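The values are calculated or read from the model by the stated rules, or taken from the named source; none is laboratory data. Computed from a predicted model, the values in this text were never measured in an experiment. Every residue, glycine among them, receives a Cβ derived from its backbone with ideal geometry; neighbour counts consider all protein chains shown. To get the accessible areas, we keep the full protein, side chains included, count just its heavy atoms, and leave off ligands, DNA and RNA. Shrake-Rupley method; radii C 1.70, N 1.55, O 1.52, S 1.80 Å.
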Amino acid sequence: CLGTMHQRGLGVEQNDRIAFEYFESSAEKNNPFAQYETARYLEQGASVVRDIERAVTLYENAYKIFEMMASNRNDYQKAAKYLEDAVALDNKNAKIQLAKIYLKENEFSKIPEAVKWLEESNNPLCFYILGKEYYQGMHVEKDINKAIRYLEKCEENMFACNLLAKIYEELNDMEKSINYLHRASALEYDVAQVKLGKIYLEGKYVVQDIQKGIDYLIKAGSKNNQFAQYMLGKLFLFGKDVPQDKELAVEYLTRSAVQGNEYANYLLKHMNDYQNQSLALLTSRFFHHISRIIEQTVALNRNNPLSGVDRKLKRK
């Protein structure tokens, strides 16, 4: 994405050299689109030293991956054809599988039929899919009440409980939101455990309970949740609300950084750089604040067909 922005001058000054550096970095991680763009630069010698041999290698690598992607797409179409034959024989399981394909592949002309099959299924997984669809409003008209009704039919589904918690948080009903987070946590959902950990540490909607907050984060961290590990590492590094323990902090931050958490990686690299802890906390909160702004922007643009790229940037 950054390579394309610099290549085309989208929001930044056009710069082929910087674009090439981003494309090349992504190409090394086997991204076929980046391999293709890198090869074009090397073939044309635009802002880089011309290297036809390397360009050909990258073109070939990209082609192989594109060919495989096209083959996978054809597999979807073949699967859909077989499922359609089974649906013609009124196979209920085929209807569910085909409905999921129609939704995933954005087959908008067939969405009404897919929704009908899911509604008739009386299946908890289908209720979760319907609840998520009515919440997101991408394939059907957004309807929060319908979303809640369907999600409440599958309360043994940890993802449904977590989504209900999110919906009630947006409706400013924190009592119900926290209740559903507890249900999701009881089903061993690490994301809900991280949220509960933050809530009890901050004491914003509940009576502050530092130990309970840490316990929830430890549960999530034991499931290799990188965000829980990062939060625990930060807590023990700065000794805020808990006794400072740099050895434990390094352990948690390292486990998080290995999974690609940039915040944890940043703290590990700059552990000894700060003269005071408040500056480090300020830096960390600044990053978090920016991520929240992006998250809110993505939520507002959820129905935009181009928002897929935004979601990738949000994760980054």
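Here are the numbers for this structure:
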item: 1.4 Å probe accessible area per residue over the chain, in Å²; result: 60 Å²
item: Environment charge at Gln35 (Cβ cut-off 11 Å; Lys +1, Arg +1, Asp -1, Glu -1); result: 0
item: Rough spin-label spacing in nm, given labels placed 7 Å along Cα→Cβ, for Val56 and Met174; result: 6.5 nm
item: Cleavage-rule hits, GluC sites (Glu not before Pro), region 108-173, DSSP coil, Cβ neighbours within 10 Å at most 11; result: Glu141, Glu156
item: Rounded to the nearest 10 Å², the accessible area of Met5 at probe 1.4 Å; result: 60 Å²
item: Globularity ratio of region 1-70, using Cα Rg and 2.2 N^0.38 Å; result: 1.07
item: Low-density loop cleavage sites - trypsin sites (Lys or Arg not before Pro) in region 1-99, where at most 10 other Cβ are within 10 Å (DSSP); result: Lys29
item: Binned Cα-Cα distance frequencies in region 105-144 - 10 Å width, integer %; result: 31, 60, 9
item: Helix-only mean residue ellipticity at 222 nm for the chain, each DSSP H run of n ≥ 4 adding -39500 (n - 2.57), per residue, nearest 500; result: -23500 deg cm²/dmol
item: Rounded accessible area of His270 (nearest 10 Å², 1.4 Å probe); result: 60 Å²
item: Length gained when the stretch Gln211-Cys1 is fully extended (0.36 nm per residue, less Cα-Cα span); result: 71.4 nm
item: Mean shadow area of region 1-130, taken as a quarter of the surface of its Cα convex hull (nm²); result: 10.7 nm²
item: Spin-label pair Ala86/Lys29, simplified geometry with 7 Å Cα→Cβ offset, distance in nm; result: 3.6 nm
item: In order through region 215-221: 3J(HN,Hα) via Karplus (6.51 cos²θ - 1.76 cosθ + 1.60), integer Hz, x for Gly, Pro; result: 4, 5, 5, 5, 4, 5, x
item: Accessible area of the chain belonging to carbon and sulfur atoms, whole % at 1.4 Å probe; result: 52 percent
item: In order through region 4-17: 3J(HN,Hα) via Karplus (6.51 cos²θ - 1.76 cosθ + 1.60), integer Hz, x for Gly, Pro; result: 5, 4, 6, 5, 9, x, 8, x, 9, 5, 4, 8, 5, 5
